[in-house]
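Beneath this line is the structure, given in C-alpha coordinates, with notes to follow.
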Amino acid sequence: MKYTDLNTPNRTIMTPGPVEVDPRVLRAMSTPILGQFDPAFTNIMNEVMEMLRTIFQTTNQWAFPVDGTSRSGIEAILCSVIEPGDKVLVPIFGRFGYLLTEICERYGADVHTIECSWGEVFDQQEIIAAIRDIQPKVLAVVHGETSTGCMQPIDKLGTICREEEVLFIVDAVATIGGVDIKVDEWKIDALIAGTQKCLSIPAGMAPVTYNERVEKVITQRKKVEKGISTETDRLEELDRSHSFVKSNYLDLSMLQDYWSPRRLNHHTEATSMLYALREGLRIILEEGLENRFHRHQLHEQALMAGIEAMGLKRYGNPAAKLPTVTCIEVPTGVNPETVREMLLDQFGIEIAKSFGPLEGKIWRIGTMGYSCRKENVLFTLAALEAVLIRHGAKVETGKAMQAALDIYHNSQLIVHAEVL
Ligand SMILES: *Cc1c(COP(=O)(O)O)cnc(C)c1O
(Lines give C-alpha, C1' and ligand atoms only; values in the text may rest on other atoms or scores of the structure.)
Protein backbone atom coordinates (compact mmCIF):
# COMPACT_ATOMS: atom_id res chain seq x y z
CA MET A 1 0.00 0.00 0.00
CA LYS A 2 1.44 3.31 -1.13
CA TYR A 3 -0.44 5.25 1.51
CA THR A 4 0.64 4.59 5.07
CA ASP A 5 -1.60 4.84 8.13
CA LEU A 6 -2.49 8.42 8.93
CA ASN A 7 0.26 9.56 11.25
CA THR A 8 0.38 13.27 12.07
CA PRO A 9 3.30 14.88 13.93
CA ASN A 10 2.83 16.22 17.44
CA ARG A 11 2.39 19.97 17.33
CA THR A 12 2.07 22.88 19.70
CA ILE A 13 -0.32 25.14 17.82
CA MET A 14 0.03 28.77 18.83
CA THR A 15 -1.71 30.37 15.85
CA PRO A 16 -4.98 32.32 15.78
CA GLY A 17 -6.66 29.11 14.64
CA PRO A 18 -7.06 26.29 14.07
CA VAL A 19 -5.82 25.56 17.58
CA GLU A 20 -5.28 22.34 19.52
CA VAL A 21 -8.44 20.42 20.27
CA ASP A 22 -9.18 19.09 23.74
CA PRO A 23 -8.76 15.27 23.71
CA ARG A 24 -12.28 15.00 25.15
CA VAL A 25 -13.64 16.64 21.98
CA LEU A 26 -11.66 14.25 19.77
CA ARG A 27 -13.10 11.31 21.69
CA ALA A 28 -16.64 12.68 21.37
CA MET A 29 -16.13 12.84 17.59
CA SER A 30 -15.66 9.07 17.38
CA THR A 31 -19.12 8.44 18.88
CA PRO A 32 -21.38 6.38 16.54
CA ILE A 33 -23.58 8.23 14.03
CA LEU A 34 -27.29 8.81 14.69
CA GLY A 35 -29.97 9.60 12.13
CA GLN A 36 -30.75 13.30 12.00
CA PHE A 37 -34.39 12.90 13.04
CA ASP A 38 -33.67 10.29 15.72
CA PRO A 39 -35.00 11.70 19.02
CA ALA A 40 -31.64 10.84 20.58
CA PHE A 41 -30.03 13.18 18.05
CA THR A 42 -32.60 15.97 18.12
CA ASN A 43 -32.19 15.96 21.88
CA ILE A 44 -28.48 16.66 21.35
CA MET A 45 -29.42 19.50 18.98
CA ASN A 46 -31.59 21.03 21.70
CA GLU A 47 -28.86 20.69 24.31
CA VAL A 48 -26.40 22.44 21.99
CA MET A 49 -28.85 25.32 21.48
CA GLU A 50 -29.26 25.66 25.24
CA MET A 51 -25.51 25.66 25.91
CA LEU A 52 -24.91 28.15 23.09
CA ARG A 53 -27.38 30.60 24.68
CA THR A 54 -25.37 30.49 27.92
CA ILE A 55 -22.08 31.05 26.12
CA PHE A 56 -23.56 33.87 24.04
CA GLN A 57 -25.14 35.34 27.22
CA THR A 58 -28.49 35.64 25.48
CA THR A 59 -32.09 34.59 25.83
CA ASN A 60 -32.52 34.55 22.02
CA GLN A 61 -34.55 31.59 20.79
CA TRP A 62 -32.18 31.20 17.85
CA ALA A 63 -28.72 29.95 18.70
CA PHE A 64 -27.47 27.09 16.54
CA PRO A 65 -24.48 26.16 14.38
CA VAL A 66 -24.32 26.65 10.62
CA ASP A 67 -22.38 23.80 9.00
CA GLY A 68 -19.25 25.12 7.34
CA THR A 69 -16.32 27.15 8.61
CA SER A 70 -16.87 30.46 10.40
CA ARG A 71 -17.42 32.37 7.21
CA SER A 72 -20.45 30.20 6.47
CA GLY A 73 -22.04 31.70 9.58
CA ILE A 74 -21.03 35.21 8.54
CA GLU A 75 -22.43 34.66 5.06
CA ALA A 76 -25.64 33.05 6.39
CA ILE A 77 -26.43 36.08 8.55
CA LEU A 78 -25.46 38.64 5.91
CA CYS A 79 -27.17 36.97 2.93
CA SER A 80 -30.36 36.36 4.90
CA VAL A 81 -30.60 39.99 5.94
CA ILE A 82 -29.24 41.92 2.97
CA GLU A 83 -31.42 42.67 -0.05
CA PRO A 84 -29.95 44.29 -3.15
CA GLY A 85 -29.44 48.00 -2.59
CA ASP A 86 -29.47 47.82 1.22
CA LYS A 87 -26.98 50.14 2.85
CA VAL A 88 -24.40 48.39 5.02
CA LEU A 89 -21.78 50.14 7.14
CA VAL A 90 -18.51 48.31 7.84
CA PRO A 91 -15.78 49.85 10.01
CA ILE A 92 -12.52 48.31 8.79
CA PHE A 93 -9.40 47.89 10.95
CA GLY A 94 -7.92 44.75 9.39
CA ARG A 95 -8.38 41.92 6.95
CA PHE A 96 -11.64 40.50 8.26
CA GLY A 97 -13.38 43.85 7.87
CA TYR A 98 -12.69 43.49 4.14
CA LEU A 99 -14.20 39.99 4.24
CA LEU A 100 -17.45 41.49 5.55
CA THR A 101 -17.52 44.05 2.73
CA GLU A 102 -16.73 41.37 0.16
CA ILE A 103 -19.65 39.17 1.23
CA CYS A 104 -22.03 42.15 1.44
CA GLU A 105 -21.07 43.28 -2.07
CA ARG A 106 -21.77 39.83 -3.51
CA TYR A 107 -25.34 40.05 -2.21
CA GLY A 108 -25.83 43.45 -3.79
CA ALA A 109 -25.43 45.70 -0.75
CA ASP A 110 -24.53 49.35 -1.03
CA VAL A 111 -21.43 49.07 1.16
CA HIS A 112 -20.09 52.06 3.07
CA THR A 113 -16.82 51.79 4.97
CA ILE A 114 -14.81 53.79 7.43
CA GLU A 115 -11.19 52.82 7.95
CA CYS A 116 -8.56 53.38 10.58
CA SER A 117 -4.91 52.39 10.38
CA TRP A 118 -4.09 48.77 11.11
CA GLY A 119 -2.92 48.23 14.68
CA GLU A 120 -5.60 50.64 15.90
CA VAL A 121 -9.35 50.46 16.52
CA PHE A 122 -12.12 53.04 16.32
CA ASP A 123 -13.38 55.21 19.10
CA GLN A 124 -17.01 54.05 19.35
CA GLN A 125 -18.10 57.66 18.85
CA GLU A 126 -16.58 57.61 15.35
CA ILE A 127 -18.70 54.60 14.44
CA ILE A 128 -21.78 56.21 15.98
CA ALA A 129 -21.18 59.38 13.93
CA ALA A 130 -20.92 57.27 10.76
CA ILE A 131 -24.19 55.45 11.61
CA ARG A 132 -25.96 58.80 11.98
CA ASP A 133 -24.41 60.09 8.79
CA ILE A 134 -24.94 57.06 6.53
CA GLN A 135 -28.20 55.71 8.03
CA PRO A 136 -27.48 52.08 7.00
CA LYS A 137 -29.84 49.13 7.36
CA VAL A 138 -26.97 47.06 8.81
CA LEU A 139 -23.84 47.77 10.85
CA ALA A 140 -21.40 44.86 10.50
CA VAL A 141 -18.37 44.89 12.81
CA VAL A 142 -15.47 42.56 13.52
CA HIS A 143 -14.91 42.23 17.27
CA GLY A 144 -11.50 40.54 17.40
CA GLU A 145 -9.34 41.26 14.32
CA THR A 146 -6.98 38.30 14.22
CA SER A 147 -4.99 39.89 11.37
CA THR A 148 -3.80 42.80 13.53
CA GLY A 149 -4.33 41.47 17.07
CA CYS A 150 -6.75 44.29 17.89
CA MET A 151 -10.17 44.23 19.55
CA GLN A 152 -12.85 46.80 18.76
CA PRO A 153 -14.92 47.94 21.80
CA ILE A 154 -18.57 47.43 20.82
CA ASP A 155 -20.60 47.79 24.02
CA LYS A 156 -22.05 51.22 23.15
CA LEU A 157 -23.04 50.57 19.54
CA GLY A 158 -26.20 48.50 20.12
CA THR A 159 -28.16 51.25 21.83
CA ILE A 160 -27.59 53.66 18.93
CA CYS A 161 -28.44 50.94 16.42
CA ARG A 162 -31.82 50.44 18.15
CA GLU A 163 -32.47 54.19 18.10
CA GLU A 164 -31.56 54.49 14.43
CA GLU A 165 -33.25 51.22 13.43
CA VAL A 166 -30.02 49.61 12.28
CA LEU A 167 -29.32 45.88 12.57
CA PHE A 168 -26.13 45.33 14.59
CA ILE A 169 -24.15 42.30 13.37
CA VAL A 170 -20.90 41.18 15.01
CA ASP A 171 -18.16 38.80 13.82
CA ALA A 172 -16.98 37.36 17.14
CA VAL A 173 -15.22 34.39 15.57
CA ALA A 174 -11.90 35.09 17.29
CA THR A 175 -13.24 36.13 20.67
CA ILE A 176 -16.18 33.93 21.67
CA GLY A 177 -15.15 31.59 24.47
CA GLY A 178 -12.01 33.61 25.24
CA VAL A 179 -13.26 37.13 25.87
CA ASP A 180 -16.43 38.39 27.58
CA ILE A 181 -19.18 39.19 25.05
CA LYS A 182 -22.65 40.08 26.27
CA VAL A 183 -25.03 39.63 23.33
CA ASP A 184 -28.19 40.81 25.10
CA GLU A 185 -26.68 43.50 27.31
CA TRP A 186 -24.80 45.03 24.38
CA LYS A 187 -27.93 44.80 22.19
CA ILE A 188 -26.23 42.77 19.47
CA ASP A 189 -28.84 41.67 16.92
CA ALA A 190 -26.82 38.87 15.33
CA LEU A 191 -23.47 37.35 16.23
CA ILE A 192 -21.22 34.78 14.57
CA ALA A 193 -18.76 32.52 16.38
CA GLY A 194 -16.16 30.06 15.14
CA THR A 195 -15.27 26.62 16.43
CA GLN A 196 -11.53 26.35 15.69
CA LYS A 197 -10.51 29.38 17.72
CA CYS A 198 -11.33 29.84 21.42
CA LEU A 199 -13.90 27.01 21.45
CA SER A 200 -11.08 24.53 20.60
CA ILE A 201 -13.13 22.34 18.29
CA PRO A 202 -12.04 21.48 14.73
CA ALA A 203 -13.04 23.92 11.98
CA GLY A 204 -16.35 23.06 10.35
CA MET A 205 -19.15 24.78 12.22
CA ALA A 206 -20.16 28.37 12.85
CA PRO A 207 -22.46 28.87 15.84
CA VAL A 208 -24.69 31.92 15.35
CA THR A 209 -27.36 33.69 17.33
CA TYR A 210 -29.91 36.34 16.36
CA ASN A 211 -32.95 38.01 17.87
CA GLU A 212 -36.53 38.85 16.79
CA ARG A 213 -35.41 41.99 14.98
CA VAL A 214 -33.39 39.84 12.59
CA GLU A 215 -36.01 37.11 12.50
CA LYS A 216 -38.59 39.64 11.31
CA VAL A 217 -36.47 40.49 8.27
CA ILE A 218 -35.81 36.83 7.53
CA THR A 219 -39.48 35.85 7.72
CA GLN A 220 -40.45 38.49 5.15
CA ARG A 221 -38.06 36.83 2.71
CA LYS A 222 -39.15 33.30 3.41
CA LYS A 223 -39.27 30.69 0.68
CA VAL A 224 -40.17 27.07 1.19
CA GLU A 225 -38.86 24.22 -0.94
CA LYS A 226 -41.70 22.44 -2.70
CA GLY A 227 -42.46 19.01 -1.35
CA ILE A 228 -41.28 19.40 2.22
CA SER A 229 -43.97 21.50 3.84
CA THR A 230 -47.69 22.21 3.66
CA GLU A 231 -47.31 25.85 4.58
CA THR A 232 -47.02 27.30 1.05
CA ASP A 233 -50.53 28.79 1.31
CA ARG A 234 -49.75 30.66 4.49
CA LEU A 235 -46.60 32.03 2.87
CA GLU A 236 -48.58 33.45 -0.03
CA GLU A 237 -50.13 35.89 2.41
CA LEU A 238 -46.72 37.41 3.17
CA ASP A 239 -45.74 40.78 1.81
CA ARG A 240 -43.91 39.78 -1.36
CA SER A 241 -42.23 43.08 -1.99
CA HIS A 242 -39.17 41.42 -0.47
CA SER A 243 -36.81 39.23 -2.48
CA PHE A 244 -35.90 35.65 -1.64
CA VAL A 245 -32.54 34.95 -0.02
CA LYS A 246 -30.00 34.21 -2.76
CA SER A 247 -28.67 31.06 -1.12
CA ASN A 248 -30.53 27.89 -0.25
CA TYR A 249 -27.81 26.37 1.94
CA LEU A 250 -27.34 29.53 4.01
CA ASP A 251 -30.95 30.77 4.18
CA LEU A 252 -31.52 31.26 7.91
CA SER A 253 -35.29 30.86 7.58
CA MET A 254 -34.72 27.33 6.33
CA LEU A 255 -32.00 26.59 8.86
CA GLN A 256 -34.21 27.85 11.65
CA ASP A 257 -37.10 25.62 10.55
CA TYR A 258 -34.75 22.69 10.77
CA TRP A 259 -33.53 23.71 14.24
CA SER A 260 -37.11 24.38 15.44
CA PRO A 261 -39.34 21.63 16.88
CA ARG A 262 -40.86 21.29 13.37
CA ARG A 263 -37.55 19.83 12.11
CA LEU A 264 -38.33 20.71 8.49
CA ASN A 265 -35.87 18.87 6.30
CA HIS A 266 -33.00 20.95 4.94
CA HIS A 267 -29.35 19.77 4.93
CA THR A 268 -28.11 16.64 6.72
CA GLU A 269 -26.65 17.77 10.00
CA ALA A 270 -22.89 17.19 10.44
CA THR A 271 -23.30 14.58 13.17
CA SER A 272 -19.70 14.21 14.36
CA MET A 273 -19.14 17.97 14.35
CA LEU A 274 -22.23 18.41 16.50
CA TYR A 275 -20.85 15.87 18.97
CA ALA A 276 -17.63 17.88 18.98
CA LEU A 277 -19.46 21.15 19.54
CA ARG A 278 -21.52 19.66 22.37
CA GLU A 279 -18.40 18.43 24.18
CA GLY A 280 -16.51 21.67 23.56
CA LEU A 281 -19.38 23.73 24.99
CA ARG A 282 -19.70 21.37 27.94
CA ILE A 283 -16.01 21.88 28.73
CA ILE A 284 -16.50 25.67 28.68
CA LEU A 285 -19.49 25.50 31.01
CA GLU A 286 -17.56 23.22 33.38
CA GLU A 287 -14.68 25.68 33.48
CA GLY A 288 -17.06 28.62 33.87
CA LEU A 289 -17.10 31.68 31.63
CA GLU A 290 -15.38 33.98 34.14
CA ASN A 291 -12.61 31.46 34.85
CA ARG A 292 -12.12 30.96 31.18
CA PHE A 293 -11.75 34.68 30.45
CA HIS A 294 -9.27 34.95 33.35
CA ARG A 295 -7.27 32.02 32.06
CA HIS A 296 -7.00 33.63 28.62
CA GLN A 297 -5.85 36.88 30.21
CA LEU A 298 -3.29 35.23 32.45
CA HIS A 299 -1.54 33.36 29.63
CA GLU A 300 -1.68 36.40 27.38
CA GLN A 301 0.06 38.41 30.10
CA ALA A 302 2.73 35.77 30.65
CA LEU A 303 3.38 35.63 26.91
CA MET A 304 3.58 39.43 26.57
CA ALA A 305 5.88 39.71 29.59
CA GLY A 306 8.19 37.12 28.05
CA ILE A 307 8.19 38.79 24.63
CA GLU A 308 8.99 42.18 26.11
CA ALA A 309 11.67 40.85 28.47
CA MET A 310 13.36 39.31 25.43
CA GLY A 311 13.57 42.83 23.99
CA LEU A 312 11.07 42.25 21.19
CA LYS A 313 8.54 44.88 20.21
CA ARG A 314 4.84 44.21 20.25
CA TYR A 315 2.81 45.42 17.28
CA GLY A 316 -0.34 47.49 17.65
CA ASN A 317 -1.81 49.97 20.10
CA PRO A 318 -1.61 48.29 23.55
CA ALA A 319 -4.95 49.87 24.52
CA ALA A 320 -6.61 48.06 21.61
CA LYS A 321 -4.97 44.67 22.28
CA LEU A 322 -6.95 41.53 21.47
CA PRO A 323 -6.37 39.21 24.46
CA THR A 324 -6.36 36.06 22.33
CA VAL A 325 -3.71 37.14 19.77
CA THR A 326 -0.32 38.75 20.40
CA CYS A 327 1.51 40.35 17.47
CA ILE A 328 5.27 40.80 17.44
CA GLU A 329 7.31 42.98 15.10
CA VAL A 330 9.93 41.00 13.20
CA PRO A 331 13.36 42.40 14.25
CA THR A 332 15.31 44.03 11.40
CA GLY A 333 17.59 41.70 9.50
CA VAL A 334 15.69 38.59 10.58
CA ASN A 335 13.93 36.41 8.01
CA PRO A 336 10.41 35.94 9.41
CA GLU A 337 9.72 32.78 7.46
CA THR A 338 12.88 30.85 8.38
CA VAL A 339 12.12 31.64 12.03
CA ARG A 340 8.67 30.09 11.64
CA GLU A 341 10.11 27.13 9.77
CA MET A 342 12.71 26.47 12.45
CA LEU A 343 10.09 26.70 15.20
CA LEU A 344 8.07 24.08 13.37
CA ASP A 345 10.93 21.79 12.32
CA GLN A 346 12.96 21.85 15.53
CA PHE A 347 10.27 22.31 18.16
CA GLY A 348 6.98 21.35 16.51
CA ILE A 349 5.60 24.81 17.32
CA GLU A 350 3.43 26.67 14.86
CA ILE A 351 3.02 30.44 15.01
CA ALA A 352 1.40 32.57 12.28
CA LYS A 353 2.45 35.23 9.83
CA SER A 354 0.02 37.97 8.81
CA PHE A 355 -1.68 39.25 5.68
CA GLY A 356 -1.56 42.12 3.22
CA PRO A 357 0.37 45.16 4.45
CA LEU A 358 1.56 43.23 7.52
CA GLU A 359 2.94 40.20 5.69
CA GLY A 360 6.61 39.71 6.59
CA LYS A 361 6.40 42.49 9.19
CA ILE A 362 4.82 40.71 12.17
CA TRP A 363 4.35 37.27 13.70
CA ARG A 364 1.09 36.45 15.40
CA ILE A 365 0.88 34.15 18.42
CA GLY A 366 -2.52 32.90 19.50
CA THR A 367 -3.48 32.03 23.06
CA MET A 368 -6.82 30.42 22.36
CA GLY A 369 -8.87 27.69 24.00
CA TYR A 370 -7.05 24.44 24.73
CA SER A 371 -3.80 25.82 23.28
CA CYS A 372 -3.89 28.59 25.89
CA ARG A 373 -1.90 26.74 28.59
CA LYS A 374 1.14 27.50 30.74
CA GLU A 375 3.28 24.72 29.24
CA ASN A 376 2.56 26.01 25.72
CA VAL A 377 3.42 29.61 26.59
CA LEU A 378 6.70 28.67 28.33
CA PHE A 379 7.69 26.28 25.54
CA THR A 380 6.96 28.88 22.86
CA LEU A 381 8.98 31.58 24.62
CA ALA A 382 11.96 29.27 25.16
CA ALA A 383 11.89 28.07 21.56
CA LEU A 384 11.46 31.55 20.09
CA GLU A 385 14.44 32.82 22.08
CA ALA A 386 16.60 29.94 20.91
CA VAL A 387 15.57 30.34 17.26
CA LEU A 388 16.12 34.10 17.31
CA ILE A 389 19.63 33.64 18.76
CA ARG A 390 20.23 31.11 15.99
CA HIS A 391 19.21 33.84 13.52
CA GLY A 392 21.69 36.30 14.96
CA ALA A 393 18.99 38.56 16.38
CA LYS A 394 19.87 40.72 19.35
CA VAL A 395 17.76 39.38 22.23
CA GLU A 396 18.04 39.64 25.98
CA THR A 397 18.90 36.06 26.83
CA GLY A 398 17.44 34.16 29.74
CA LYS A 399 14.94 36.88 30.66
CA ALA A 400 11.76 35.78 28.88
CA MET A 401 11.12 32.62 30.85
CA GLN A 402 11.77 34.40 34.13
CA ALA A 403 9.34 37.20 33.25
CA ALA A 404 6.64 34.70 32.31
CA LEU A 405 7.29 32.62 35.44
CA ASP A 406 6.99 35.80 37.51
CA ILE A 407 3.52 36.40 36.08
CA TYR A 408 2.47 32.86 36.93
CA HIS A 409 4.01 33.08 40.38
CA ASN A 410 2.28 36.39 41.15
CA SER A 411 -1.07 35.13 39.91
CA GLN A 412 -0.76 32.24 42.33
CA LEU A 413 -0.10 34.68 45.15
CA ILE A 414 -3.27 36.57 44.18
CA VAL A 415 -5.33 33.39 44.09
CA HIS A 416 -3.83 32.39 47.42
CA ALA A 417 -4.65 35.79 48.95
CA GLU A 418 -8.24 35.50 47.73
CA VAL A 419 -8.55 32.13 49.43
CA LEU A 420 -7.23 33.59 52.68
C1 LIG B 1 -10.73 33.14 11.49
C2 LIG B 1 -11.65 34.25 11.29
C3 LIG B 1 -12.67 34.21 10.29
C4 LIG B 1 -12.78 33.15 9.23
O5 LIG B 1 -13.05 31.91 9.70
P6 LIG B 1 -13.04 30.59 8.79
O7 LIG B 1 -13.37 29.55 9.81
O8 LIG B 1 -11.65 30.46 8.27
O9 LIG B 1 -14.06 30.69 7.75
C10 LIG B 1 -13.55 35.27 10.24
N11 LIG B 1 -13.44 36.33 11.08
C12 LIG B 1 -12.47 36.40 12.02
C13 LIG B 1 -12.40 37.58 12.90
C14 LIG B 1 -11.55 35.37 12.16
O15 LIG B 1 -10.59 35.46 13.07
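The values are calculated or read from the model by the stated rules, or taken from the named source; none is laboratory data. Bear in mind that the values here come from a model prediction, so they are computed numbers and not experimental data. Here the Cβ is made from the backbone with ideal geometry for all residues, glycine too, and neighbour counts use every protein chain on show.
List of remarks:
- Elements of type helices (runs of 4 or more DSSP H) contained in region 309-420, each with 3 or more residues being surrounded by fewer than 20 Cβ atoms within 10 Å (Cβ to Cβ) and modelled with pLDDT under 95: 400-419
- Meets criteria (under 18 Å from Thr268 (Cβ atoms) and surrounded by 18 or more Cβ atoms within 10 Å (Cβ to Cβ)) for Phe37: no
- Residue check, Val21 within 16 Å of the ligand (Cβ to nearest atom), of a type outside the set (D, E, K, R) and over 24 Å from Val183 (Cα atoms): yes
- Residue within region 139-149 that is in contact (Cβ under 8 Å) with a residue 40 or more places away in the chain, farther than 21 Å from Gly73 by Cα and within 13 Å of the ligand (Cβ to nearest atom) present: yes
- Test: Phe56 is within 12 Å of the ligand (Cβ to nearest atom) and among the aromatic types (Phe, Trp, Tyr): no
- Residue in region 214-227 that is within 12 Å of the ligand (Cβ to nearest atom) and out of contact with any Asp or Glu (no Cβ under 7 Å at 6 or more places or on another chain) present: no
- The test for being more than 30 Å from Glu120 (Cα to Cα) and touching a residue at least 40 places away in the same chain (Cβ under 8 Å) does not hold for His296.
- Subset of region 197-210 (residues that are touching a strand residue (DSSP E or B) at 6+ places or on another chain (Cβ under 9 Å) and closer than 13 Å to Pro16 by Cα): Lys197, Cys198, Leu199
- Subset of region 173-189 [more than 14 Å from the ligand (Cβ to nearest atom) and within 22 Å of Leu274 (Cβ to Cβ)]: Val183
- Residue count for region 98-127, restricted to those that are of a type in the set (Asp, Glu), touching a residue at least 24 places away in the same chain (Cβ under 8 Å) and within 15 Å of the ligand (Cβ to nearest atom): 0
- The conditions of being within 26 Å of Val25 (Cβ to Cβ), in the same structural domain as Thr69 (by TED's automatic domain parsing), of a type outside the set (Phe, Trp, Tyr) and touching a Pro at 6+ places or on another chain (Cβ under 8 Å) are not met by Leu250.
- Every condition in (1) surrounded by fewer than 23 Cβ atoms within 10 Å (Cβ to Cβ); (2) in contact with a His (Cβ under 9 Å, 6 or more places away or on another chain) holds for Arg162 except the one numbered (2).
- Taken over region 178-229, the criterion of being farther than 27 Å from Glu83 by Cα, buried (at least 24 other Cβ atoms within 10 Å of the Cβ) and in contact with a helix residue (DSSP H, G or I) (Cβ under 6 Å, 6 or more places away or on another chain) is satisfied by Gly178, Cys198, Leu199, Ser200, Ile201.
- Test for Thr338: is it more than 18 Å from Gly360 (Cβ to Cβ) and among the hydroxyl-bearing types (Ser, Thr, Tyr): no
- Scope region 285-295; condition in a helix (DSSP H, G or I) and surrounded by fewer than 22 Cβ atoms within 10 Å (Cβ to Cβ); matching residues: Leu285, Glu286, Glu287, Leu289, Glu290, Asn291, Phe293, His294, Arg295
- Count of residues meeting criterion [within 16 Å of the ligand (Cβ to nearest atom) and surrounded by fewer than 19 Cβ atoms within 10 Å (Cβ to Cβ)] in region 74-96: 1
- Evaluating Leu238 against the criteria (1) at pLDDT below 95; (2) within 13 Å of the ligand (Cβ to nearest atom) leaves one unmet condition, (2).
- Check on Arg71, closer than 16 Å to Cys116 by Cα, surrounded by fewer than 22 Cβ atoms within 10 Å (Cβ to Cβ) and within 12 Å of the ligand (Cβ to nearest atom): no
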